[in-house]
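Down below is the structure, laid out as structure tokens.
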């Protein structure tokens with residue numbers, strides 16, 4: 001059911017932990033599913049120099065956070081913002097359809113952290129695209 005990459009990132013997640021005095025912190029979660037992600041960013045001259053995450057959730061949620069942090073580390077803030085949940089899932093060689101919302105959470109947590117950073121810097125926040133249709137789609141799921 002899970003790709004080897006999902007299992008690898010679940011068993012050996014990258015970038016786990018917290019950053020002391022981060023430049024941005026973001027959280028995304030779906031209490032219905034019980035998956036909660038928190039992302040910490042360090043940004044220097046518009047480059048994400050360090051990123052850490054804490055995720056409470058299933059294997060897919062942890063793998064998605066881990067892969068997402070790997071994909072945006074060293075990128076510009078704008079490149080990180082443009083990371084899509086689809087790209088995260090593809091990098092993991094796919095997620096089961098019922099777990100696609102985990103990659104959405106990773107995208108949303110990164111967006112939240114970036115906007116937190118922008119707010120801290122006095123920049124206007126960027127508009128988050130709504131993923132309500134995806135979340136709604138999963139709302140009737142019970143694990």
>> Could you check the stretch 9-35 and list, in sequence order, the residues that are outside any loop (DSSP other than H, G, I, E, B) and touching a residue at least 24 places away in the same chain (Cβ under 8 Å)?
In response: 9, 10, 16, 24, 25, 26, 27, 28, 29, 30, 35
> Which residue out of 63, 89, 109 is under 19 Å from residue 50 (Cβ atoms) and surrounded by 24 or more Cβ atoms within 10 Å (Cβ to Cβ)?
Replying inline: 109
> If you take the residues in the stretch 66-75 that are in contact (Cβ under 8 Å) with a residue 40 or more places away in the chain and surrounded by fewer than 19 Cβ atoms within 10 Å (Cβ to Cβ), which one is nearest to residue 105 (Cα to Cα)?
Replying inline: 70
>> Can you tell me which residue is nearest to the chain's Cα centre (by Cα) among those in the stretch 1-31 that are closer than 12 Å to residue 105 by Cβ and at pLDDT below 95?
In response: 29
> Does the stretch 60-73 include one or more residues that are part of a loop (DSSP other than H, G, I, E, B) and modelled with pLDDT under 95?
Replying inline: no
> Which of (1) surrounded by fewer than 17 Cβ atoms within 10 Å (Cβ to Cβ); (2) within 12 Å of the chain's Cα centre (by Cα) is the odd one out, the single condition residue 49 does not satisfy?
Replying inline: (2)
> Would you pick out the residues in the stretch 32-43 that are surrounded by 20 or more Cβ atoms within 10 Å (Cβ to Cβ), closer than 16 Å to residue 101 by Cβ and over 11 Å from the mean Cα position of the chain (by Cα)?
Replying inline: 33, 35
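The values are calculated or read from the model by the stated rules, or taken from the named source; none is laboratory data. Everything numeric here is computed off the predicted structure, so don't read it as measured data. Every residue, glycine among them, receives a Cβ derived from its backbone with ideal geometry; neighbour counts consider all protein chains shown.
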